[in-house]
Amino acid sequence: QVQLVESRGGSVQAGGSLRLSCAHSGRMFSMGWFRQAPGEERVFVAGISWSDDMTDYADSVKGRFTISRDNVKNVVFLQMTNLKTDDTAVYYCAAARTARIGVWTREYDAWGQGTQVTVSS
């Protein structure tokens with residue numbers, strides 16, 4: 001069973017930047033970041049495939065967030081820039097035993113504990 005450990009999130013002002021990281025114990029996983037705001041469902045934010053580093057993003061974060069991975073250190077990153085108050089949520093790292101990027105929570109096999117990101121105006 002793969003284990004995922006996320007870095008601490010944080011609080012920033014709108015327009016600021018934050019980088020999340022997720023250390024994972026397994027290999028050959030496509031990785032994703034999801035987020036969940038209070039009272040809402042957990043939704044896809046960004047994903048990266050394990051085989052060719054293809055990436056995919058939710059429309060709401062395109063051009064602002066960047067997902068990347070270090071396959072030597074088994075870490076995946078989410079660089080977030082130009083943050084907006086709507087980005088406030090608990091962010092989750094997830095791993096899937098597939099070569100492609102999944103955008104649904106059911107496509108992922110393991111989850112991190114979640115980390116809070118708060119963006120203030």
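The values are calculated or read from the model by the stated rules, or taken from the named source; none is laboratory data. Note that the coordinates shown come from a computational prediction; the quantities given were computed from them, not determined experimentally. With ideal geometry, Cβ positions are generated from the backbone for all residues, glycine too; neighbour counts draw on all protein chains shown. Areas reflect the complete protein model, heavy atoms only, side chains present, ligands, DNA and RNA absent. Shrake-Rupley method; radii C 1.70, N 1.55, O 1.52, S 1.80 Å.
Yes or no, residue by residue, for (1) modelled with pLDDT of 95 or more; (2) under 14 Å from the mean Cα position of the chain (by Cα):
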position	(1), (2)
Arg19	yes, yes
Phe29	no, yes
Pro38	no, no
Val43	yes, yes
Asp53	no, no
Val61	yes, yes
Val75	no, yes
Q. Looking at region 20-43, is at least one residue open to solvent by less than 50 Å² (accessible area, probe 1.4 Å), touching a strand residue (DSSP E or B) at 6+ places or on another chain (Cβ under 8 Å) and β-branched (Val, Ile, Thr)?
A. no
Q: For residues that are open to solvent by 30 Å² or more (accessible area, probe 1.4 Å) and not in a loop (DSSP other than H, G, I, E, B), scanning just region 1-17, find the one that is farthest from Thr115 (Cα to Cα).
A: Gln13
